[in-house]
Amino acid sequence: KAVVSTQSTGQEHVFEDVKMLIQSAVDGYNVCLFAYGQTGSGKTFTMIGDSSGNFPGIAPRAYQEIFSLLQENAKKFSYNVSVYMVELYNDQLLDLFDKSHASKLDIKKDKKGMVVIQNAVIKDVKTADELQDVFTLGSTNRHVASTKMNAESSRSHLVIGIVIETTNLTTGAVLRGKLSLVDLAGSERAAKTGATPEQLKEAQSINKSLSALGDVISALSSEASFVPYRNNKLTMLMQDSLGGNAKTLMFVNISPADYNTDETIVSLTYASRVKLITNDASKNADNKEIARLKGIISKLKKGESLGEDDDE
């Protein structure tokens, strides 16, 4: 369904419309929430909130909701929550938890079609506050700049991946959900932004990746036999969210200014195409024995010794 929010709609009301998707991630589904629109239209405000924290967006509210749901069921399930945070900047995939960017990141898919980022730093978190803290840490490394259209313009696409693994204390069944929060950089026109030469280079990369995303959306909405996911790293990152096994919600942010009418029409056209895409959402579940064997394999790969529980 499509829901229209106006300038008077509060952040808490916007989050109410996506709350059930946070529950789905805890229940073992692959969930993606992302914002699309021209630069300066409010995507980062929607996804993250304001810099002072007075109007928290989708991400910080999702952090609180995840742990609220997990704590409600703490007597039935044990849980583990981990997070990675990357940005796509000038066609390079960068780890925001690693300032040195020493490791080359690779985009892969697991056997169930979930996108994984090989070599990314993954941080385990125990509380919503810890999750907020690591997000704040990663955010300080994101590329932003000032333009005529936006005082703090995102110069990269941001992807936050939160993996939620729960184990049923009675049956041993394991559910593994992922919540992807994506803050896309906005499409830009140099004549409007007054971009510097470096910002022009960034804008070209941003527009190229958004064009590739448009090609994928067009192919999926028309049920084409071939979908060009591999044409860009952005579409590879979002492969499980668009046409994959995820429950996906797209925010389309548009400017109320009449001189942005052309960009608004483009954004709404995107939205109408995305509505035609059908995903095949399914839970990521393993029984107790499979989960045990996977744990053994993981330990062996890391060179760790096996315990008594592993030998059962």
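Computed values, structure above
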quantity	calculated
Residue satisfying all of: in the range 73-100; of a type in the set (Asp, Glu) and not in a strand (DSSP E or B); surrounded by the most Cβ atoms within 10 Å (Cβ to Cβ) among these	ASP98
Sole exception among (1) open to solvent by 20 Å² or more (accessible area, probe 1.4 Å); (2) within 30 Å of ARG176 (Cβ to Cβ); (3) over 17 Å from the mean Cα position of the chain (by Cα) for ASP262, by number	(2)
Listing of helices (runs of 4 or more DSSP H) fully contained in the range 1-72 that carry 3 or more residues being more than 16 Å from the chain's Cα centre (by Cα) and not aromatic (Phe, Trp, Tyr)	11-16, 58-72
Residue, modelled with the highest pLDDT, within the range 128-173, restricted to residues that are assigned to a loop (DSSP other than H, G, I, E, B) and in contact with a helix residue (DSSP H, G or I) (Cβ under 6 Å, 6 or more places away or on another chain)	GLY172
Test: residue in the range 284-303 that is in a loop (DSSP other than H, G, I, E, B), closer than 18 Å to ALA35 by Cβ and either at pLDDT 70 or above or open to solvent by less than 50 Å² (accessible area, probe 1.4 Å) (or both)	no
Selection from the range 7-38 of residues that are crowded, with 22+ Cβ neighbours inside 10 Å, small (Gly, Ala, Ser) and more than 22 Å from GLY214 (Cα to Cα)	ALA25
VAL116 in contact (Cβ under 8 Å) with a residue 40 or more places away in the chain, closer than 30 Å to GLY243 by Cβ and open to solvent by less than 60 Å² (accessible area, probe 1.4 Å)	no
Cross-chain or 6+ apart pairs with Cβ under 7 Å, the range 193-213 first and under 16 Å from HIS157 (Cα atoms) and in a helix (DSSP H, G or I), then modelled with pLDDT of 85 or more and hydrophobic (A, V, I, L, M, F, W, C)	SER209/LEU88; SER209/LEU234; ALA212/LEU234; LEU213/LEU234
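Listed here are the residues, each with its yes/no results for (1) over 14 Å from PHE251 (Cβ atoms); (2) modelled with pLDDT of 95 or more; (3) basic (Lys, Arg).
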{"site": "LYS43", "(1), (2), (3)": "no, no, yes"}
{"site": "GLY53", "(1), (2), (3)": "yes, no, no"}
{"site": "SER100", "(1), (2), (3)": "yes, no, no"}
{"site": "LYS109", "(1), (2), (3)": "yes, no, yes"}
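The values are calculated or read from the model by the stated rules, or taken from the named source; none is laboratory data. In this text the structure is predicted, and so the values were computed from the model without any measurement. Virtual Cβ from ideal backbone geometry, glycine too; neighbours counted across all protein chains shown. The area values use the complete protein model at the heavy-atom level, side chains included, leaving out ligands, DNA and RNA. Shrake-Rupley method; radii C 1.70, N 1.55, O 1.52, S 1.80 Å.
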